[in-house]
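A.B. asks: The structure that follows is given in the form of structure tokens.
The values are calculated or read from the model by the stated rules, or taken from the named source; none is laboratory data. Here the structure is a predicted model, which means the values were calculated and not measured. A quick note on method: Cβ atoms are made from the backbone with ideal geometry, for glycine too, and the neighbour counts reach across all protein chains shown.
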Amino acid sequence: MIIQEQLRLFVESLRAGDRRRCFMLVREWEQQGLPNELLYNDILIPALVQFGDHWEKNEQGIVEEHVASQVVRQILAYKAVTMEPEATLGRTAMVGCVPDEHHDLASLFMANALEEAGWRVVHYGSSVPVHDIVQAVGHYKPDLLCLTMKSLSCLDATLQLLEQLRATHAGVKVMIGGISQPSMRSILAPHVDVFADSLTHGVQAAGDLA
């Protein structure tokens, strides 16, 4: 089955709100040997993008978008439990959203992908204040802090976080995903080691930083 057909079937099941069908499709593709990288990059993420676009265009309601997000969240949880990581790298990545960011699915994708690549992952999710993230970096002492950002309104809090991190934990590497605007990147660049352009690029860049 070509990947476009798999995406179509998955989106069709999401639109119907049939989460059991979605889970069964994922299990079927898993048994057929579909790599998680392809599942994430070519099916789950494009499906979420479609639902997000339709919601922004008022072509579907917020409930449908939330249903899709919850199904994908549960699939990622299943994958986190059942994946077989590569040889351990001996590196720790702390993964989560920038302060004031509530959309945490991107951080879940990255947490799974890094863990499968051999990282020890500490995933804290979303809606964590600046002070608490800085404090947690001191506690877990990660080699890499991987942040995801979707909302432009998070810029000020993110800049505050990065400035505090550089003042108190200068050794930790920082990667941010989700930012495509050149102006945003230029503001944050002095405090960021790498901007991840995609899930695959993020995993590769993390390996280079390690």
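A.B. asks: Please find, among M175, M184, the residue that is hydrophobic (A, V, I, L, M, F, W, C) and not in a helix (DSSP H, G or I).
C.D. replies: Of M175, M184, the one residue that is hydrophobic (A, V, I, L, M, F, W, C) and not in a helix (DSSP H, G or I) is M175.
A.B. asks: Looking at T82, T92, T88, can you tell me which residue is of a type in the set (S, T, Y) and under 20 Å from A196 (Cα atoms)?
C.D. replies: Checking each option against the conditions leaves just T92.
A.B. asks: Can you tell me which residue is farthest from G90 (Cα to Cα) among those in segment 152-210 that are in contact with a His (Cβ under 9 Å, 6 or more places away or on another chain) and among the small types (G, A, S)?
C.D. replies: Out of the qualifying residues, it is G178.
Per-residue answers, yes or no, for (1) polar (S, T, N, Q); (2) modelled with pLDDT of 95 or more; (3) within 21 Å of D100 (Cβ to Cβ):
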site: V121; (1), (2), (3): no, yes, no
site: S127; (1), (2), (3): yes, no, yes
site: V134; (1), (2), (3): no, yes, yes
site: K141; (1), (2), (3): no, yes, no
site: C146; (1), (2), (3): no, yes, yes
site: K150; (1), (2), (3): no, no, yes
site: L161; (1), (2), (3): no, yes, yes
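A.B. asks: Within segment 163-183, how many residues turn out to be under 19 Å from the mean Cα position of the chain (by Cα) and either free of Cβ contacts under 8 Å to residues at least 60 places away in the same chain or not assigned by TED's automatic domain parsing to the domain that holds S107 (or both)?
C.D. replies: Residues meeting the conditions: 6.
A.B. asks: Determine if segment 112-121 includes at least one residue that is closer than 19 Å to D193 by Cβ, over 16 Å from the mean Cα position of the chain (by Cα), in the same structural domain as I187 (by TED's automatic domain parsing) and outside any loop (DSSP other than H, G, I, E, B).
C.D. replies: no
A.B. asks: What's the total number of residues in segment 13-50 that are within 23 Å of the chain's Cα centre (by Cα) and charged (D, E, K, R)?
C.D. replies: Count: 6.
A.B. asks: Scan segment 11-20 and give yes if some residue there is part of a helix (DSSP H, G or I), of a type outside the set (F, W, Y) and buried (at least 19 other Cβ atoms within 10 Å of the Cβ), otherwise no.
C.D. replies: Yes, that holds for at least one residue.
A.B. asks: Restricting to segment 124-139, give me the number of residues that are in a helix (DSSP H, G or I) and exposed (fewer than 15 other Cβ atoms within 10 Å of the Cβ).
C.D. replies: Total satisfying the criteria: 5.
A.B. asks: When residues of segment 11-45 are filtered for being touching a residue at least 24 places away in the same chain (Cβ under 8 Å) and over 24 Å from E84 (Cα atoms), how many remain?
C.D. replies: 5
A.B. asks: Oh, and also: Name the residue, out of E84, E59, E37, that is part of a helix (DSSP H, G or I), of a type in the set (D, E, K, R) and surrounded by fewer than 20 Cβ atoms within 10 Å (Cβ to Cβ).
C.D. replies: E37
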